[in-house]
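As structure tokens, the structure follows; a few thoughts come after it.
The values are calculated or read from the model by the stated rules, or taken from the named source; none is laboratory data. Just so we're clear, the structure is a prediction, and the values are computed from it rather than from any experiment. Cβ: placed from backbone, ideal geometry, glycine included. Neighbour counts: every protein chain shown. The area values use the complete protein model at the heavy-atom level, side chains included, leaving out ligands, DNA and RNA. Shrake-Rupley method; radii C 1.70, N 1.55, O 1.52, S 1.80 Å.
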Amino acid sequence: MAEQTPLYREHLQLSGKMVEFAGFLLPVQYPGGISAEHLAVRQEAGLFDVSHMGEIEVSGEQTYAFLDYLLSRNLDKIDQAIASRRALYAVMCTADGTAVDDLLIYPLSPTRCLLIVNAANIAADEAHIRAVADEWARVDILPADLAIENHSDRWAQLALQGPQSLQVLTKIASGLAGLGAPSTLTARFAADRLAWVAQLSALKKYQFTYLPLPLLLGETYDGPLHLISDDFEAGGTTVLVSRTGYTGEDGFEFYLQPEDAPLLWRMLVAAGAKPAGLGARDTLRLEAGMPLYGHELSRTITPREAGLDRFLALNKASFVGQTGLLAEPTRQLVGLVSLGKAIPRAGYLVLSGDQVVGSVTSGTFSPSLNKGIALALVERSAVTADDLGLPSAGYLAALPSDVDHTAGLHTLAIEIRGRAEPFALCQIPFI
Amino acid sequence: MSNIPQELRYAKTHEWVQLTGSTIRIGITDHAQCELGDLVFAEAKPAGTPVKPGQVIGSVESVKTASDLYSPADGVIAASNASLADQPEQINTDPYGCWFVEIELTAAAWPANLMTADEYKTFIGE
């Protein structure tokens, strides 16, 4: 039985086409269609319900020493990340170096962090983290002071994405959204409302902050403006807001109580954010070259093969997956753009001449480029060692299709309906 | 509610079929285009291709999904609508005006296993 998110009724109200995804009922699109939602996020602002994402809280004195062993990324600057409230992307690996999941770490305090994991992996992640903690406690000299709690159903998550995200929030703060603008504004209250937008505007990419929910909703509020991580608790009214997302655009993600989510959702929609579904979320992340677990990362694909080297610290002290990750990968993730009208899909074979050299991990029609694009995992021997000289996807997509351009390009074919369709290697991201 | 013209017949794989003499025209239904969403690719098998029931005669793709059209009968493709490839979005606005292929039938009669408009309406749960 699929679970409903706290925003289920909002999706029905907006005539969202509901599908089951990772055990949750979510809209794949609203009546406007995937392309319109996609372009709204690229040009204006879109709003996603991402409440299905999992939240696993790790706390205790040894939180970060443990994470350093659990995760493949460098955590030696974690004190700075805690102080500046900056979220970090990381891949959690099996002993072989393949991916258990990719996740976002919110370092809330020196003794507490929130791991945001993929919905489909919540149970497997929790089991993996507990198993690694048990193993680590046996090896470590200190007794493990560590709590691991799956809080996935305690938090709703909304993602406001697009170049006009800040304008949408400003509109709410100025009471222009036509919602929650009480007529009896005190001077302090009016000032506070603008102050929170300034606070969000000052956030750098991946930074986060805490806001009192009443202020976000334009309600009267007399409490403190500057909140700390202790205030961010299940059942409270403190919202964690980060300048993060999965679209390649500017934007903010909000973590809040499930019961408060519908009001914030309606507020953001009233202020001009266009609701967008899973379909657009996937085409946007693919254009942005971001991996999707189960496609570019899995228990049979390592983060090195997925081209995530910049998030790996192979030479740090022992961590789970180190030995496997030190081996030179034989496969590599590449970006491909269609030179014709063909649209690649996950699972299609990639050919070099008549040799199968790999397969498509994600493929779609790109609404931004009006072309078929793909991420594919291919044998390293089939591609040149460095991709610095590759053309952009935009350049390739704009080539007129009636001329043969293959001469100057690094081309591969993708087998589509029995035909070898021509594709050219391009830079990642695609936009 | 989708548009389901009375004079056409329908396949379980959501093609509409129009019979004129010994020829049938085939396209995708309003319900199908609605389920698929914004269409961005369409192609039809070329004229001269012999076909059997269940054989692929064309394909459509939306941003997210690919879907094939199947022949309901034995015959030979007599005409193929090449203009669809340039404007697949037309299928969204005029699904019954956009035919993919015309098949010259081996037996000049309605192919077996097709539904009437009323049966198709029930089939898609409307």
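Tabulated values for the structure
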| read-out | value |
| --- | --- |
| Inter-residue pairs, beta-carbon under 7 Å, first within 14 Å of chain A (Cβ to nearest Cβ) and in the range B:75-88, second open to solvent by 40 Å² or more (accessible area, probe 1.4 Å) and in a strand (DSSP E or B), 6+ apart | B:A85/B:E43 |
| Of all residues making up the range B:90-126, the number that are modelled with pLDDT under 95 and within 29 Å of B:V40 (Cα to Cα) | 2 |
| Contacts under 7 angstrom Cβ, first residue in the range A:219-236 being on the phi > 0 side of the Ramachandran plot, partner open to solvent by less than 40 Å² (accessible area, probe 1.4 Å) and in a loop (DSSP other than H, G, I, E, B), 6 or more apart | A:G235/A:Q257 |
| Residues located in the range A:370-381, provided they are assigned to a strand (DSSP E or B) and open to solvent by 20 Å² or more (accessible area, probe 1.4 Å) | A:K371, A:E379 |
| A:T384 hydroxyl-bearing (S, T, Y), under 23 Å from A:G279 (Cβ atoms) and either open to solvent by less than 20 Å² (accessible area, probe 1.4 Å) or not in a helix (DSSP H, G or I) (or both) | no |
| A:I129 being modelled with pLDDT of 95 or more, open to solvent by less than 20 Å² (accessible area, probe 1.4 Å) and either part of a helix (DSSP H, G or I) or at positive phi (or both) | yes |
| The range A:30-53: number of residues that are of a type in the set (G, A, S) and surrounded by fewer than 24 Cβ atoms within 10 Å (Cβ to Cβ) | 5 |
| Test: residue in the range B:7-30 that is within 14 Å of chain A (Cβ to nearest Cβ) and either in a loop (DSSP other than H, G, I, E, B) or surrounded by fewer than 18 Cβ atoms within 10 Å (Cβ to Cβ) (or both) | no |
| Lone unmet requirement of (1) farther than 26 Å from A:L75 by Cβ; (2) assigned to a helix (DSSP H, G or I) for A:D230 | (1) |
| Scope the range A:57-78; condition buried (at least 21 other Cβ atoms within 10 Å of the Cβ) and part of a strand (DSSP E or B); matching residues | A:V58, A:L71 |
| The listed residue being touching a residue at least 24 places away in the same chain (Cβ under 8 Å), more than 23 Å from A:A313 (Cα to Cα) and either in contact with a helix residue (DSSP H, G or I) (Cβ under 8 Å, 6 or more places away or on another chain) or assigned by TED's automatic domain parsing to the domain that holds A:A234 (or both), out of A:R42, A:R73, A:R112, A:R86 | A:R42 |
| Search result, residues across the range B:33-51 that are open to solvent by 10 Å² or more (accessible area, probe 1.4 Å) and either more than 14 Å from chain A (Cβ to nearest Cβ) or in contact with a Leu (Cβ under 8 Å, 6 or more places away or on another chain) (or both) | B:Q33, B:E43, B:A44, B:A47, B:G48, B:P50 |
| Test: residue in the range B:102-125 that is open to solvent by less than 50 Å² (accessible area, probe 1.4 Å), within 14 Å of another protein chain (Cβ to nearest Cβ) and in a loop (DSSP other than H, G, I, E, B) | no |
| In the range A:272-304, the residues that are over 18 Å from A:H52 (Cβ atoms), crowded, with 24+ Cβ neighbours inside 10 Å and small (G, A, S) | A:A273 |
| Qualifying positions in the range B:55-74 - away from every other protein chain (no Cβ under 11 Å), open to solvent by less than 50 Å² (accessible area, probe 1.4 Å) and either assigned to a loop (DSSP other than H, G, I, E, B) or of a type in the set (S, T, Y) (or both) | B:S67, B:S71, B:P72, B:A73 |
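Matching residues to (1) assigned to a loop (DSSP other than H, G, I, E, B); (2) in the same structural domain as A:I431 (by TED's automatic domain parsing); (3) open to solvent by 40 Å² or more (accessible area, probe 1.4 Å):
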| position | (1), (2), (3) |
| --- | --- |
| A:L314 | yes, no, no |
| A:A317 | yes, no, yes |
| A:V320 | yes, no, no |
| A:G324 | no, no, no |
| A:L336 | no, yes, no |
| A:K341 | yes, yes, yes |
| A:G347 | yes, yes, yes |
| A:S368 | yes, yes, yes |
